[in-house]
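Student: Here it is: the structure, laid out below.
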Amino acid sequence: MPEASAITARGLRRSYGDHEVLKGVDLDVRRGTVFSLLGANGAGKTTVVKILSTLIGAHGGSASVAGHDVAADPDGVRGAIGVTGQFSAVDNLMTGRENLKLMADLHHLGRETGRRRAEELLAQFDLVDAADKSAATYSGGMRRRLDLAMTLVGSPEVIFLDEPTTGLDPRSRRAMWQIVRQLVASGVTILLTTQYLEEADELADRIAVLDHGRIVAEGTADELKRRIPGGHVLLQFTDLRDLEAATGVVREASRDGEALALRVPNDGSVRSLKALLDRLHEHAVPVESLSTHTPDLDDVFLALTGGGQKVDQEVTQP
């Protein structure tokens, strides 16, 4: 595995009976970044996480996490990772502090070290005031914060967040986003699965779109958006003569005479913007202002996954 990579996968395959969930998935996740797997229900996201976190085996291909081969060294992988699944692992009968101390014991941290780690995490996740209350009384956002805090007890290098904000209100979701950013800033690598397009756009350094068990596209959010037709630059002019002149120079554009604007198909890249402005400058056409418009991740998702049609539910039993 390249030194800069925290996770690699080559040709991952997995079937449940006759149903092939993964059909040869390749991944390369750089250290200290957020990598998002984006896909509809049943696309195979959770199966990828289960294989990479050693919960189930692959039926083909290979993978490494934090320098450990998933198949040959599962204990090494487990010692380097944390997993926060779709459903909370919090024990409702225990307090927040007790849940964290239990995780510290499971990590064999020792009494004093475990107590200190629990207090650090309670403070980091803003749970000090609720530390001695039963977890059953926590709100959804508090439970998810506690769940993630429990994942961090062992100071993992790599964290798998499998749809971590499902069911949270917008305020709690944004609080989780801030925590994720802080973790990455500290050097942690995060593989995030989500159905929330805004979440991937906000957090991910790179995004892979998973559809019917295959990666159908990968890149930064901006790179993916530029792949979809519909991007354009809107040029604004101060008078009709400038608009007329620009229309003669940029013939592929559509004109709005009333608004004194010209809509030019453009992918929004620096190179294409510079080429457009250079053409106008060569012909001494002044532009009052410009704005770029690119498709959003909703457009990308619908275009790459067959119009957003529902797929078969992902089978989860081994």
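The values are calculated or read from the model by the stated rules, or taken from the named source; none is laboratory data. This one's a predicted model, so the numbers in the text were calculated from it and none came from an experiment. Backbone-built Cβ (ideal geometry, glycine too); neighbour counts: all protein chains shown.
Student: Just to be sure, is residue 32 at positive phi, part of a strand (DSSP E or B) and small (Gly, Ala, Ser)?
Tutor: no
Student: Considering only residues of region 154-211 that are assigned to a loop (DSSP other than H, G, I, E, B) and without any contact (Cβ under 8 Å) to a residue 24 or more places away in the chain, which is farthest from the chain's Cα centre (by Cα)?
Tutor: 155
Student: Among 206, 181, which is within 19 Å of residue 65 (Cβ to Cβ) and of a type in the set (Lys, Arg)?
Tutor: Within the list 206, 181, the selection yields 206.
Student: Turning to a different aspect of this structure: Name every residue in region 127-150 that is touching a helix residue (DSSP H, G or I) at 6+ places or on another chain (Cβ under 8 Å) and exposed (fewer than 13 other Cβ atoms within 10 Å of the Cβ), in order of residue number.
Tutor: Result: 132, 139.
Student: Find the residue count for region 207-262, including only residues that are assigned by TED's automatic domain parsing to the domain that holds residue 34 and among the hydroxyl-bearing types (Ser, Thr, Tyr).
Tutor: Final tally of qualifying residues: 1.
Student: If I go through region 261-277 residue by residue, how many of them are of a type in the set (D, E, K, R), under 17 Å from residue 230 (Cβ atoms) and not in a strand (DSSP E or B)?
Tutor: Total satisfying the criteria: 1.
Student: Okay, moving on. Let me confirm something: among 82, 42, 96, 76, which residue is within 25 Å of residue 117 (Cβ to Cβ) and at pLDDT below 95?
Tutor: Going through 82, 42, 96, 76 in turn, the sole match is 82.
Student: Which residue out of 49, 25 is buried (at least 21 other Cβ atoms within 10 Å of the Cβ) and in a helix (DSSP H, G or I)?
Tutor: Going through 49, 25 in turn, the sole match is 49.
Student: Looking at residue 89 and the list (1) touching a His at 6+ places or on another chain (Cβ under 7 Å); (2) not in a helix (DSSP H, G or I), which single condition is not satisfied?
Tutor: Residue 89 satisfies every listed condition except (1).
Student: Report yes if some residue within region 75-95 is crowded, with 20+ Cβ neighbours inside 10 Å, without any contact (Cβ under 8 Å) to a residue 24 or more places away in the chain and either within 22 Å of residue 188 (Cβ to Cβ) or in the same structural domain as residue 143 (by TED's automatic domain parsing) (or both); otherwise report no.
Tutor: No: region 75-95 contains no residue that is crowded, with 20+ Cβ neighbours inside 10 Å, without any contact (Cβ under 8 Å) to a residue 24 or more places away in the chain and either within 22 Å of residue 188 (Cβ to Cβ) or in the same structural domain as residue 143 (by TED's automatic domain parsing) (or both).
Student: Looking at 197, 183, which one is crowded, with 16+ Cβ neighbours inside 10 Å and either under 27 Å from residue 289 (Cβ atoms) or at pLDDT 90 or above (or both)?
Tutor: Step by step, each of 197, 183 is checked, and only 183 is crowded, with 16+ Cβ neighbours inside 10 Å and either under 27 Å from residue 289 (Cβ atoms) or at pLDDT 90 or above (or both).
Student: For region 225-244, which positions are closer than 11 Å to residue 267 by Cα and either more than 30 Å from the chain's Cα centre (by Cα) or part of a helix (DSSP H, G or I) (or both)?
Tutor: In the first step, residues of region 225-244 are kept if they are closer than 11 Å to residue 267 by Cα; the result is 225-233.
Matches in region 225-244: 225, 226.
Here's the yes/no breakdown for (1) outside any helix (DSSP H, G or I); (2) closer than 30 Å to residue 50 by Cβ; (3) modelled with pLDDT of 90 or more:
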| position | (1), (2), (3) |
| --- | --- |
| 223 | no, yes, no |
| 259 | yes, no, yes |
| 279 | no, no, yes |
| 295 | yes, no, no |
| 310 | yes, yes, no |
| 318 | yes, yes, no |
